[in-house]
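Notes follow the structure.
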Amino acid sequence: MKANVLKVDGTANGSVELPSQFSTPYRPDVIRRAFWAFSSLRWQPKGAFPLAGMQNTAEYYGRRHAWRQTINTGRSRLPREKVSGGRSGRVLRVPHAVKGRRAHPPKPEKVLVEKINAKEKNLALRSAIAATANAQIVESHGHVLGAKTQLPIVAESSLENAGKTSDVRKFLVSVGLEKELQKASVSRTPLSGVAGRRSGGHAQKKSVLIIYGTPGAAISKAGRNLAGVDCASVDELNAALLAPGGSAGRLCVWTQGALDKLAKENLYL
C-alpha cells in the first residue's frame, strides 16, 4: 500500500510505502477498550468521610415501660439523639433521616484503573492507525474532507521544521482541509453550569492530528495554536489521540519521518 508524499505547498513529490501497521484490520471494540483503559489513568479516587452522619448521640432504645421508651409513643422506632433532661430528639444516623449517613457512599479504595494487555493495547493502536487511512471511517467520525484530499496525508519531513502557525495552516489548506479548520474554529463552546464560568471552562472539538518523527520538532508548538489541532510524536501515540471518545477515524497528517520511524523501529507491533 502506497501513499503520495506532499511538499509543503501541497503538490505531490513521489510516493512512499506505508508500514505494515496500516494493514491491520479495523477493530472498534478493541480500540474502545484501549481508550477507556487509558482514560481511567486520569480518574481520581473519591470517597465520603467514614464517620459522616455518625458523630452524634443518637441511639435506639427499645425497652418497653421505661422512661426512655420509643415504643407506644406514636413515634417511629428509630435511633434518636439524646437531649437534655433525658429526652430523645431528632432521628439521626439512619440513611433515610435528615443528616443521616449515606447508605452506600463512594469508597476511596475502589479500583478505578482498568488494566489492558500489552498485546491488546498495541493491536488497538495499530487498528486506529490503519483507520486514519480509511476515508469512510474518517468522514463518519465527523471530519470534513476536501475534494482533493487523499488519505493518508503524508508530508515531507521538512514540514516538521515549520515554526509558524501560518505555515502549518497554509499546508493544511493546500491539501483541502480549509473547511475542517473552519468547523473546528467555531466549535468552541462554554461548558454548562459553574464549569463554564471558570478558567478554561470550555469544550473544543478535535480536528487534525499532526504526527511527526523528530522529538521536540518545531511543528509541535506551531501546530497546536490552531483550534482543535494536536501534535504528537509517532512514538507517543495513544488511544485518546487516535480515537477521541473511543471512536476511531481521526484525521491525521503524517510526516515522512514519522512513517520511517514507525517502520524502522517496529512501533506498536
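Can you give me the number of residues within the stretch 101-121 that are among the polar types (S, T, N, Q) and crowded, with 17+ Cβ neighbours inside 10 Å?
0
What is the residue count in the stretch 249-268 for residues that are within 18 Å of residue 149 (Cβ to Cβ) and within 23 Å of the chain's Cα centre (by Cα)?
Of the residues in the stretch 249-268, 6 are within 18 Å of residue 149 (Cβ to Cβ) and within 23 Å of the chain's Cα centre (by Cα).
Which count do you get for residues in the stretch 155-182 that are of a type in the set (A, V, I, L, M, F, W, C) and within 26 Å of the chain's Cα centre (by Cα)?
4
Run residue 77 past the list (1) assigned to a loop (DSSP other than H, G, I, E, B); (2) closer than 22 Å to residue 51 by Cα; (3) without any contact (Cβ under 8 Å) to a residue 40 or more places away in the chain; (4) among the basic types (Lys, Arg) and report the number of the one that doesn't hold.
(2)
From the list 88, 39, which residue is within 47 Å of the chain's Cα centre (by Cα) and surrounded by 14 or more Cβ atoms within 10 Å (Cβ to Cβ)?
39
Write out, first by first residue and then by second, each pair whose Cβ atoms fall under 6 Å of each other, whose residues are 6+ apart or on separate chains, and whose first residue, in the stretch 219-233, is more than 18 Å from residue 180 (Cβ to Cβ) and of a type in the set (Ser, Thr, Tyr) while the second is part of a loop (DSSP other than H, G, I, E, B) and at pLDDT below 95.
Listed pairs, sorted by first residue: 233/215.
Which of the following residues is assigned by TED's automatic domain parsing to the domain that holds residue 20 and crowded, with 19+ Cβ neighbours inside 10 Å: 160, 139?
160
Go through the stretch 226-247 and count every residue that is under 26 Å from residue 156 (Cβ atoms) and outside any helix (DSSP H, G or I).
Adding up the residues that qualify gives 10.
Within the stretch 185-210, can you find the residues that are surrounded by 11 or more Cβ atoms within 10 Å (Cβ to Cβ) and not in a loop (DSSP other than H, G, I, E, B)?
Scanning the stretch 185-210 gives 185, 189, 190, 195, 196, 202, 203, 209, 210.
Among the residues in the stretch 91-104, are any of a type outside the set (A, V, I, L, M, F, W, C), in contact with a Leu (Cβ under 7 Å, 6 or more places away or on another chain) and within 27 Å of residue 259 (Cα to Cα)?
No, every residue in the stretch 91-104 fails to be of a type outside the set (A, V, I, L, M, F, W, C), in contact with a Leu (Cβ under 7 Å, 6 or more places away or on another chain) and within 27 Å of residue 259 (Cα to Cα).
Which of the following residues is within 30 Å of residue 249 (Cβ to Cβ) and either in contact (Cβ under 8 Å) with a residue 24 or more places away in the chain or part of a loop (DSSP other than H, G, I, E, B) (or both): 66, 48, 34?
34
Restricting to the stretch 91-100, what's the tally of residues that are part of a loop (DSSP other than H, G, I, E, B), on the phi < 0 side of the Ramachandran plot and surrounded by 15 or more Cβ atoms within 10 Å (Cβ to Cβ)?
The qualifying residues number 4.
The values are calculated or read from the model by the stated rules, or taken from the named source; none is laboratory data. These figures come from a predicted structure and were not determined experimentally. In this analysis, Cβ positions are derived from the backbone assuming ideal geometry, glycine residues included, and neighbour counts consider all displayed protein chains.
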